[in-house]
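Below: one structure in structure tokens.
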Amino acid sequence: MDKSNRPNPLLEQTGKCNITTPVQHQSKTNWPTRNQPAYRPPINNERDRNPVRTYMKRQHRMPFGAEFMTEDTVRFNFWAPTARRVELLIDNDRPRPMQAIGGGWYEQTCQPVLADSRYSFQIDDDMRVPDPASRYNPDDVHAASQLIDPAAFDWCDGEWHGRPWEEAVIYEIHTGAFTPQGTFSAIEQKLGYLADLGVTGIELMPVAGFPGRCNWGYDGVLLFAPDSTYGTPCDLKRLVQSAHRHGLMVLLDVVYNHFGPEGNYLHCYAPQFFTDRHQTPWGQAINFDGEYSRIVRDFFIHNALYWLEEYHFDGLRVDAVHAIMDDSQPDFLEELAQQVHTTLGANRHIHLILENDHNAAHYLQRNRSGECTGFTAQWNDDAHHACHVLLTGERDGYYADYADNPILHLGRCLTEGFAYQGEVSIYRHGTPRGEPSAHLPASAFVWFLQNHDQIGNRAFGERLATQVPPEALRAAVILLLLSPSVPLLFMGEEWGAREPFPFFCGFTGELAQAVTTGRRREFAQFSGFHDPHRLQEIPDPCDASTFLLAKLNWQTQNDPPHRAWLMLYRTLLALRLQTIVPLLPSITGSCFEILTSHALQAAWQLTGHGKLTITVNLGDVPVKISHLPPGRLLFSSHDQSGQSNPAPGMLPAFSAALYLKDSHESR
């Protein structure tokens, strides 16, 4: 039975009001049921009544954490249902007992309190913990939180309303590895370069507070706090604002399926945050569907709204949602999307992107007008895997599902979205995977030749430029950037960067040893690592030198081979934005034809009699073709200019070409 649909006794006692409709007051004995949406605090304090300021202020109000009510008055909220006593510690002042207001909630309003003060919570006289909704923890995740006044930042990007998703060309960035400085401010200095490159959005790998000096970001434990190694909250806000000035969207990768293994204190005072009804690769699942799940769901929904509202992000990429265990209806993902669209989506382009191994197409549905009502798009691992097998011949691990007929899988991805739409997966022990996706627009799928996972999940973190011939990679890049699906680039790939991106983290002690041992054990099953000595060569994720290996070397960008790659990417992205993007709304159908085991032709019908056609040969043998596609040549890999047709009747090895037949042309 689904306990999540029962009235929640905790919420009935503590009561929070509607997230989408601000109210003036609501009694603490009149609380929503499990099916009501998350709480949005009332706009009824002095700062809201007197909003006259020179610049725009952005503050997301929520029932978690510390909220400035006036310039020197702060209300602290803390949920600790197993605690007998909670005290508030601010700077070096004496502990202040917090008032228990029912349902495990503790509250305290303090005046005067200054912004940037440090605070923490003391539980039952013997445990000090940071605020789980901390806006900033300058001294790492185990130390005190810092009071952040969102009104201290002056926003001046009020004219920015985002960009339509069809225009998206996403550039994935790890903040710490993208520049030598590894900071938000250093990324800001590269925005002009990225805009000139032709990308329209950047996607930051997770920035939520994590333990240690470096991390991929998927071990975050303070989900509202930008990690202090990257800079301050104001630094991140300046990055977003500056990106908007350059015409760039900013997306943030968020992790809602687990907390990291170090620095998460919720188990100690709020075990109801977790459930033993479900298990994940990281242990107990987060409680999205059991008793007390209303508060848990609100915590994560507020997190999403916080980043989108207070930091003005243009969208979120939600990591590994297949590991979010939830049997309730509507499930957490559906509620999250509904709350985002209802609360913030009226006058902005906001994009929600999924990583979902289940290929659950129903999350991507459009309404009759073609508008997105749930999630905008999903990362299409199928397209990557099929293309990777064609380029490298690898068959280990999840590539086994694509080894039988990779060109067929690639063709389905180009024209139907997913390769697996309910078919049996060998890698997943014969279970069916996926849902039909051919009815969805091409823009519902994000595909890539490289990303943090597909590089960093390799034992040595090698980039594709070090694995395949440049001619083959050039053909694949043309296919990626000129086909209708939304392309994603991984930082540095545009100049053929050869620095690896290995998995790294900043754990120490026994946890570090367990992570290192576990990673090497994981690769022991692969054919290339049967030799124990070879296993020991895998970089230690917790060694500081492994993180340094991942740092981009911007100096190599000026070397001749790298300049050629950069010119290719700029040329293709300009062609995409000028010619391909305007055609996307007019696509009415698609199909593909397999030419050989490594070559195909894919076509997209346009309104009228138009057609966009791409031919690609990812093999090292030329392919005979009876005729060229209809229309004019837009780009080809056959020479450096990109404007030469292949010899009649022949598709060269490692080649790609794009043709457009305009709608007004005769059949």
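The values are calculated or read from the model by the stated rules, or taken from the named source; none is laboratory data. Just so we're clear, the structure is a prediction, and the values are computed from it rather than from any experiment. Positions of Cβ are backbone-derived with ideal geometry, glycine not excepted, and every protein chain shown enters the neighbour counts.
Output the residue which, of all residues in the range 73-97 that are among the acidic types (Asp, Glu) and modelled with pLDDT of 95 or more, is surrounded by the most Cβ atoms within 10 Å (Cβ to Cβ).
So the residue we want is GLU87.
Still on this structure, I have one more. Hey, any hits in the range 204-211 for a residue that's closer than 17 Å to CYS542 by Cβ and out of contact with any Cys (no Cβ under 7 Å at 6 or more places or on another chain)?
Within the range 204-211, one or more residues are closer than 17 Å to CYS542 by Cβ and out of contact with any Cys (no Cβ under 7 Å at 6 or more places or on another chain).
Let me ask something additional. Please state which one of ALA497, ALA544, ALA472, ALA465 is among the hydrophobic types (A, V, I, L, M, F, W, C), within 21 Å of THR615 (Cα to Cα) and in contact (Cβ under 8 Å) with a residue 24 or more places away in the chain.
ALA472
This table checks each residue for (1) touching a Pro at 6+ places or on another chain (Cβ under 9 Å); (2) in a helix (DSSP H, G or I); (3) among the aromatic types (Phe, Trp, Tyr); (4) at pLDDT below 95.
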residue: ASP196; (1), (2), (3), (4): no, yes, no, no
residue: ILE202; (1), (2), (3), (4): no, no, no, no
residue: ASP219; (1), (2), (3), (4): yes, no, no, no
residue: SER228; (1), (2), (3), (4): yes, no, no, no
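Quick test for you: out of VAL424, VAL389, pick the one residue that is free of Cβ contacts under 8 Å to residues at least 24 places away in the same chain and over 30 Å from GLU166 (Cβ atoms).
VAL424
Something else: Kindly indicate which of LEU577, LEU552 is assigned to a helix (DSSP H, G or I) and out of contact with any Cys (no Cβ under 9 Å at 6 or more places or on another chain).
LEU577
Go through (1) free of Cβ contacts under 8 Å to residues at least 60 places away in the same chain; (2) not in a loop (DSSP other than H, G, I, E, B) for ALA66 and report which single condition fails.
For ALA66, the failing item is (1).
Next question, about the same structure. Quick one: which of ASN380, ASN367 is out of contact with any helix residue (DSSP H, G or I) (no Cβ under 8 Å at 6 or more places or on another chain) and either under 22 Å from LEU352 (Cα atoms) or at pLDDT below 95 (or both)?
Going through ASN380, ASN367 in turn, just one is out of contact with any helix residue (DSSP H, G or I) (no Cβ under 8 Å at 6 or more places or on another chain) and either under 22 Å from LEU352 (Cα atoms) or at pLDDT below 95 (or both): ASN367.
Right, another one. Kindly evaluate PRO561 against the criterion of being in contact (Cβ under 8 Å) with a residue 40 or more places away in the chain, farther than 30 Å from GLY417 by Cβ and not in a loop (DSSP other than H, G, I, E, B).
Yes; evaluated as a whole, the condition is true for this residue.
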